[in-house]
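Visitor: Input: one structure, supplied below.
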Amino acid sequence: MKVELLVSEWCASCHDAERIWREVAEKKQIDFAVVDMGQPEGRQLATRLRIRSIPAVVVDGELKHIGLLDRTAATALVAEAPERTQKAARHVGLGLSASSRASVLGAMIWLLVAGAALPLGGFFLDGAARPAALHGFTLGFLLLLIMGLGEHMLPRFTGHPIAGGWLWAWTPQILVHLAVLGMGFGWLLGVPMLTAVGALAAFVALLLFTLRIAPLLLRASV
Amino acid sequence: MHPRNRMFILAALIYALLGGLLGIVWLAHPGLVPGNVPRMHGHLMLLGFVTMMIYGVGLHVLPRFSGRSLFSERLGHVQFVLANLGLWVMIAGWLIVHNPTVAIGGAMAWGAMILFALNIALTVRHYGPKGA
């Protein structure tokens, strides 16, 4: 059963509707997608079904409800769908998830830390400080920002759910923090083993992120 | 999402793994991989991972945010080929320590940047009245 929730960034009740439907999608075996009115796909759906108000619920291509439903009423709308057994997949909508927020916040912290190299002479400092500052910026800031925004945007762009839970959502970003610390202090203190462990942590983080994102990209977008 | 944009992001992830692996190998055995390994690592991460990720996401979201279709899908395809080929040629140049090869790869990668900039600029350009 395919359920499309038509929403918009500016609609306050759409955030509540999305939260309720995400809870329902965790319990029921439905193919759930949040469709934004601001995107061509959303406008196309609204035109086809002559939808003039949001949030709107479309089930298997038919308009079923307009307005905010409580969880019981939303569940009743998809009563025919079987109970979901696999709960690892998470459907992404308008709001940033806790792991995305943590990743973006982590990126901002590393931006401040690595940026401190600029008044000291820029990112290309002399000696051991050079790789420490460069990797603080690239791994700490750029990679964490890409991870946080990637896990939020790519499921929405492709229409596929993303794997969640501690292993997939949290372990990669924790490893990136450990990697930046390990590599940075390894270079600054002259402990090559610490740098190597940090580099290994960064590689495992990249591997986990790739394994999490690749299934969304290898399938045709909805 | 357009298959080419998905491939841009997939390529970015593969380059990130390759670049990370190369960095680890260089730390463990500095002489194992021939050529200028720090340059290869740096460019695989920045040109391969970060830039390709921006290309893939940018080609998808920027037309949507501006409410228009991408100016040219064909330019996007050419950009995809040039960006990847350019990076491979640059890496080959550093592997064999041959600066002209690096320059040719660099020119191709720069060509991809020009096409991206042109395509995006022509997509998001503003037609409305001043200040609107």
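The values are calculated or read from the model by the stated rules, or taken from the named source; none is laboratory data. Here the structure is a predicted model, which is why all the values come from computation and not from measurement. Neighbour counts run over all protein chains shown; Cβ positions are idealised from the backbone, glycine included. Side chains included, ligands, DNA and RNA excluded: accessible areas come from the protein's heavy atoms. Shrake-Rupley method; radii C 1.70, N 1.55, O 1.52, S 1.80 Å.
Visitor: With every protein chain present, what accessible area does A:E83 have (1.4 Å probe, heavy atoms only), rounded to the nearest 10 Å²?
Guide: Accessible area of A:E83: about 120 Å².
Visitor: If you don't mind, there's one more thing I want to ask. Under a point spin-label approximation (7 Å from Cα along Cα-to-Cβ), what is the A:L96-A:L188 distance to one decimal in nm?
Guide: 2.5
Visitor: Can I ask one more? Taking one equal scatterer on every alpha-carbon of chain B, how large is log10 of I(q)/I(0) by Debye at q = 0.20 1/Å?
Guide: The Cα Debye sum returns log10 ratios of -1.07.
Visitor: Which residue fluctuates the most in chain A, going by a Gaussian network model with Cα springs under 10 Å, if the choices are A:A12, A:A196, A:A205?
Guide: Evaluated over chain A, the most mobile residue of the options is A:A12.
Visitor: Below 12 angstrom from the Cβ of A:L149, what's the summed charge of the other residues (Lys, Arg +1; Asp, Glu -1)?
Guide: It works out to a net charge of +1.
Visitor: A further question on this structure: Would you mind checking the tilt of helix B:99-124 against the longest principal axis of the Cα atoms of chain B, expressed as 0 to 90 degrees and rounded to 10?
Guide: Relative to chain B, helix B:99-124 is tipped by roughly 20 degrees.
Visitor: What residues qualify as long-range amide H neighbours of A:L63, i.e. H under 5 Å apart, gap of 5 or more or another chain, H built at 1.01 Å from N?
Guide: none
Visitor: Using only protein heavy atoms and a 1.4 Å probe, report how much of A:R48 is accessible, in Å² to the nearest 10.
Guide: Roughly 150 Å² of A:R48 is accessible to a 1.4 Å probe.
Visitor: Pick out, in residue order, every one of the chymotrypsin sites (Phe, Trp or Tyr not before Pro) in the stretch A:134-205 that is DSSP loop and has at most 10 other C-beta atoms within 10 Å; say none if there are none.
Guide: Working: sites: A:F137, A:F141, A:F157, A:W166, A:W168, A:W170, A:F185, A:W187, A:F203; in loops: none.
When the chymotrypsin sites (Phe, Trp or Tyr not before Pro) of the stretch A:134-205 are filtered for loop state and at most 10 Cβ neighbours within 10 Å, nothing remains.
Visitor: Using the Cα centre of chain A as origin and beta-carbon charges of +1 (Lys, Arg) and -1 (Asp, Glu), tell me which of A:P161, A:A107, A:G190 is placed farthest towards the positive end of the dipole.
Guide: A:P161
Visitor: Test of the criteria: in the stretch B:14-87, which trypsin sites (Lys or Arg not before Pro) are in a DSSP loop and have at most 15 other Cβ atoms within 10 angstrom of their Cβ? Don't skip to the end; give the middle numbers.
Guide: Details: sites: B:R39, B:R64, B:R68, B:R74; in loops: B:R68.
For trypsin sites (Lys or Arg not before Pro) across the stretch B:14-87 that sit outside H, G, I, E and B with at most 15 neighbouring Cβ atoms in 10 Å, the list reads B:R68.
Visitor: Considering only B:F71, B:F80, B:F49, give the residue with the highest GNM mean-square fluctuation for chain B, with springs between Cα atoms whenever their separation is below 10 Å.
Guide: In the Gaussian network model the winner is B:F71.
Visitor: Using only Cα atoms and rounding to the nearest 10 degrees, what angle (0 to 90) does helix A:144-158 make with the longest principal axis of chain A?
Guide: Result, in degrees: 20.
Visitor: Please give the FRET efficiency for B:R74 paired with B:A107, using the beta carbon to beta carbon distance and R0 = 30 Å, rounded to the nearest 0.05. Please list the in-between numbers first.
Guide: Working: r = 21 Å, r/R0 = 0.69.
Efficiency, rounded to the nearest 0.05: 0.90.
Visitor: Loop only per DSSP, at most 11 neighbouring Cβ atoms within 10 Å: give me the chymotrypsin sites (Phe, Trp or Tyr not before Pro) in the stretch A:1-72, ordered by residue number. Walk me through the numbers on the way to the answer.
Guide: Values: sites: A:W10, A:W21, A:F32; in loops: A:W10.
The qualifying sites are A:W10.
Visitor: What is the dipole size for the protein assembly as shown, taken about its Cα centre, with +1 at each Lys and Arg Cβ and -1 at each Asp and Glu Cβ, in debye to the nearest 20? Write down the numbers at each step before the final one.
Guide: Values: 27 positive and 17 negative charges, 105 e Å.
Charge dipole, the protein assembly as shown, about its Cα centre: 500 debye, nearest 20.
Visitor: When the solvent-accessible surface of protein heavy atoms is calculated with a 1.4 angstrom probe, in what order do A:D126, A:D36 fall, highest first? Could the numbers behind the result be given before it?
Guide: Details: A:D126 135, A:D36 20 Å².
Correct descending sequence by accessible area is A:D126, A:D36.
Visitor: While we're looking at this one, here's another question. For B:9-18, what's the mean count of beta carbons from other chains sitting within 10 Å of each residue's beta carbon?
Guide: Averaged over the peptide's residues, the number is 5.
Visitor: Quickly estimate the mean residue ellipticity at 222 nm for chain B, helices only: each DSSP H run with n ≥ 4 gives -39500 (n - 2.57), and the total goes over all residues, rounded to 500.
Guide: On the way: 5 runs with 97 residues, N = 132.
After summing the helix terms and dividing by residue count, I get -25000 deg cm²/dmol.
Visitor: When chain A is modelled as a GNM with alpha-carbon springs shorter than 10 Å, which of A:Q173, A:Q29, A:Q44 fluctuates the most?
Guide: Of A:Q173, A:Q29, A:Q44, the Gaussian network model singles out A:Q44 as fluctuating most.
Visitor: Sketch the reach of a paramagnetic label on A:K2 as a point 7 Å from Cα along Cα-to-Cβ, and name the residues of the stretch A:18-40 whose backbone nitrogen lies under 13 Å away.
Guide: A:31-35
Visitor: Divide by every residue of chain A the summed helix terms, -39500 (n - 2.57) for each DSSP H run of at least 4, and state the resulting mean residue ellipticity at 222 nm, rounded to the nearest 500 deg cm²/dmol.
Guide: -17500 deg cm²/dmol
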